[in-house]
Amino acid sequence: MSLDSAVAFARENGDRFVEELKELLRIPSISTAPERAGDVRRAAEFVAEGLRKAGLDQVQLIDTSTATRTGHPLVYAEWFGAGPAAKTVLCYGHYDVQPPEPLDEWLSPPFEPQERKGNLYARGAVDDKGQMWMHVKALEAALAGGGKLPVNVRVIVEGEEEVGGEGIAAFVREHGDRLKADAALVSDTELFAPGLPTLCVGLRGMIYTELEARGAATDLHSGMYGGAAPNPFIALAQVVAQLKPEDGRIAIPGFYADLQEPTSDELDAWRSLPFDEEHYRKTEVGSTELTGEEMFSVLERTWSRPTMDVHGMPGGFIGAGAKTVIPAKAVAKISFRLVPDMKPEKIFELYKNFVESIAPKGIVLEARLIHSGEPIVVSTDNDYIRAAAAAMREVFGKETVYVRGGGSIPIVGDFVRELGIPTVMMGFGLPDDNLHAPNEKFHLANFHSGIESILRFFDHVGKL
Ligand code: BES
Ligand code: MN
Ligand code: MN
């Protein structure tokens, strides 16, 4: 590849790349919604077609369904024109998205992409369709007009990241050889601040659970039975409050046993990042105060401390108006974010035992595990991270910083543990991109800088 001609091609065709991305964003590939399975598949086919047009070989959808589950397809492609002596990079992304609700908060509909002030608004714009599309377009730019890449490439794009990534995890376990590479490149994280080149070197893991509380045998009139019958919502409120008291420290015995503190070098580096807590509270969170473990900084609280959140409490009466009922059962969707070296299975057991031991009178509690993923920290001391840091420095004109992310990308842990390859997390989102929220956006300048950074990364890896 001539780097210059690939970069020039990407610049000349940048507007077309964005128009194509808009087409992909119009497909509501919501992986958690069973009724959207057809759309999820359409998105997979769109990505496959994009890879074919970019000039990749062996482009195929890989079914992840098994006897016991219906999965969403993986998209695979490869290009081995650099020859057996060259390095191989595994490019990863996901084409599935989170549900768009609440719809009335969106300024333009979630699946009708709209450009406003240099940003592209749509569900999936940055997480992760837009960032995955940067990979596809960087490959197209490199291979355009008979061009060559300085590295071999495999591409794997999944459609279940937002629901735990079970299908790709099984594929990596069973067919790891089909993804054999020297390093993985993941673009599904963010810059620490606008214009600041950033590599993410750690992710939190998680367990996502449902906690069901059952009281009476059937719904009851709350006037006739109120005062004598157990209320499962009140029980869940009591259990939740005990799990996470106001000081933010999780009360489950043994919860913190395997936690590894960040190194003092890492903590020093975080302290020198441009972070203003008050600005963060106002512009990103928008609450009257921040909460959590006061003795830890906000970056520590979100990157290197575990936590717990409640996502919703389905059940009971949620219609308009008033209904006087004591529901027979209630559910809380509860997740825990984990940090190295906490083990998801072990944490689930501790949690299950603890909630059962504090079940309020007359209430039967059942904890169910929906999905889980391991926490990960990657070493910065390898040539691929150095290649990525150099690529970003060249594009942004500043020294690259290293951060962790509070979110999770379950498969990254498997790349490191099962495939044994270094993983480079080079993402181009911004802190105010509204991931998983209304008005998700991608700053289009970052889409284009992302493509150029990826091209330069390939170029540097080609020289290793
Ligand atoms: N791209 C995010 C994860 C992320 C965001 C990492 C920002 C670092 C910085 C990913 O798509 C995501 O949202 N993952 C889910 C995973 C879960 C459903 C298993 C998450 O973190 O909630
Ligand atoms: Mn993502
Ligand atoms: Mn996400």
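The values are calculated or read from the model by the stated rules, or taken from the named source; none is laboratory data. Everything numeric in this text was worked out from a predicted model, so none of it was measured. Methodologically, a virtual Cβ is constructed for each residue, glycine included, from the backbone with ideal geometry; neighbour enumeration extends over all protein chains shown.
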* Asked: Within the range 178-197, how many residues turn out to be part of a strand (DSSP E or B) and within 16 Å of ligand 1 (Cβ to nearest atom)?
  -> 4
* Asked: If you check Ala44 against the conditions, is it aliphatic (A, V, I, L, M), more than 24 Å from Gly462 (Cβ to Cβ) and at pLDDT 95 or above?
  -> yes
* Single unsatisfied condition, His175 versus (1) more than 16 Å from ligand 1 (Cβ to nearest atom); (2) touching a residue at least 12 places away in the same chain (Cβ under 8 Å) -> (2)
* To do: Can you confirm whether the range 125-135 contains a residue that is closer than 24 Å to Ala389 by Cα, within 16 Å of ligand 1 (Cβ to nearest atom) and of a type in the set (Asp, Glu)?
  => yes
* Inspect all residues belonging to the range 156-171 and state whether any of them is over 24 Å from the mean Cα position of the chain (by Cα) and surrounded by fewer than 20 Cβ atoms within 10 Å (Cβ to Cβ). => no
* Candidate set from the range 152-174 (those that are outside any helix (DSSP H, G or I) and not β-branched (Val, Ile, Thr)); member that is farthest from ligand 3 (Cβ to nearest atom) -> Asn152
* Structure fact -> Note on the range 376-422: residues in contact with a strand residue (DSSP E or B) (Cβ under 9 Å, 6 or more places away or on another chain), over 19 Å from Gly164 (Cα atoms) and not in a helix (DSSP H, G or I) are Val378, Ser379, Thr380, Asn382, Thr400, Val401, Tyr402, Val403, Arg404, Ile421, Pro422
* To do: Taking the options Lys148, Lys117, Lys129, Lys137, name whichever one is at negative phi and out of contact with any Phe, Trp or Tyr (no Cβ under 8 Å at 6 or more places or on another chain).
  => Lys148
* Asked: In the range 97-107, is there at least one residue being surrounded by 20 or more Cβ atoms within 10 Å (Cβ to Cβ), more than 16 Å from ligand 2 (Cβ to nearest atom) and within 26 Å of Val412 (Cβ to Cβ)?
  -> no
* Please state which of the following conditions Val310 fails to meet, knowing it meets all the rest: (1) of a type in the set (A, V, I, L, M); (2) free of Cβ contacts under 8 Å to residues at least 60 places away in the same chain; (3) not in a loop (DSSP other than H, G, I, E, B). => (2)
* May I ask you to verify whether Leu139 is part of a loop (DSSP other than H, G, I, E, B) and either modelled with pLDDT of 95 or more or touching an Asp or Glu at 6+ places or on another chain (Cβ under 6 Å) (or both)? => no
